[in-house]
Structures are given as structure tokens and as C-alpha cells.
């Protein structure tokens, strides 16, 4: 099974592609989609959509996992991240990819076993789980891999127990 994890943002959207075989995870690719802050928001969202579509066509994921929004102090930030999230969900749905959404708490719990883990703990566990030599950089790519790990864990649990995770 191929899983595409997305950590949405308008300036930087992280992505991580995992292959899950019998519960074993292998990183295929990770990186970031960057948009120029000088562009108007519609242009940035268009670039983001096109680049996510390229990833979907390249890797043909069986599932796409995206992080849900959490509370931001800056209302402008939450709106722009929400727009980026919407573009990613739109592309996934249009390309026929099975969509999964997880809260930051769910991602941290799945990756570290502790829902209040800090960023460094999550990144360290991503490195360990995927047997990487170093923590993926930048942070957005590592976060996207964490979302994909959460999805793989959730799907594996559902298959074993026949229970549906929220």
C-alpha cells in the first residue's frame, strides 16, 4: 500500500510518501511544495493543487492522509492553512484517492505513543520508525511523514480488528 501524507500550508506544504507492506513501513520520498509569498493567494493555491496532483499521478497512492487544523492564535494563518488543506482534499478526492484526516494529537499518539509529544520527539520517532539515518528536513516533510505513519497504523489496526478508526 502506498500512502501520501500531507502537512498543509500555503508557503510550505510538506509531503511524505510511504510504502506499507505487512505493517512494515518504507519511506519512498519526502519533500516540500513551496509557493512564493509575493504571489496572490489564488495563484499560490493553484500551484499547490497542481503539485499535489503531480505527486498523486507519480506515486498512485492507495490512501492520502492530511493533518486536520488545530487552533491558531493568528486567524489569518488558520484561514490560509484551511485553504491549502481544502486544495489538498479536493485534489485527492478528484483523483479518486481514499482520504484520511487526523488531528495533531492523533498523529503524535500514533508516532510516539504520547499525544502531547513535542516536535523533536515526533521527528526522532519518524526517523526511528522508518529506519532513516537522520531526521527528514525540513520540518514540514517530517510532519507529513508522521501523518502518513499515523494513517498506515490506523489502516493496519482497522484491518486487524475490523474496527473503523475515526
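Per residue, the average separation of C-alpha pairs within less than 8 Å and at least 6 apart gives the chain a relative contact order of 30 percent. Given R₀ = 25 Å, what would the calculated FRET efficiency be for residue 75 paired with residue 118, taking r from the Cβ atoms and rounding to 0.05? So, using R0 = 25 Å, E works out to roughly 0.50.
What's the angle, to the nearest 10 degrees (0 to 90), between helix 119-129's Cα axis and the longest principal axis of the chain? Relative to the chain, helix 119-129 is tipped by roughly 50 degrees.
From the alpha carbon centroid of segment 113-143 to that of segment 30-102 is 21 Å.
Counting only DSSP beta bridges with both residues in the chain, tell me the antiparallel percent, nearest 5. Looking only at bridges with both residues in the chain, the antiparallel portion is about 65 percent. The listed peptides 41-49, 141-149, 60-68, ordered by packing as a protection proxy, come out as 141-149, 60-68, 41-49 (highest mean of other Cβ atoms within 10 Å first). From most to least packed by mean Cβ count within 10 Å, the peptides 95-106, 2-13, 127-138, 78-89 give 2-13, 78-89, 95-106, 127-138. Once percent of Cα pairs over 27 Å apart is calculated for the structure shown, the corresponding label among (1) 27; (2) 19; (3) 42 turns out to be (2).
Laboratory data are not the source of any read-out in this text; all were calculated from the coordinates shown. Everything quoted here is computed from the prediction, not taken from an experiment. Note that we place each Cβ from the backbone using ideal geometry, even for glycine, and neighbour counts take in every protein chain shown.
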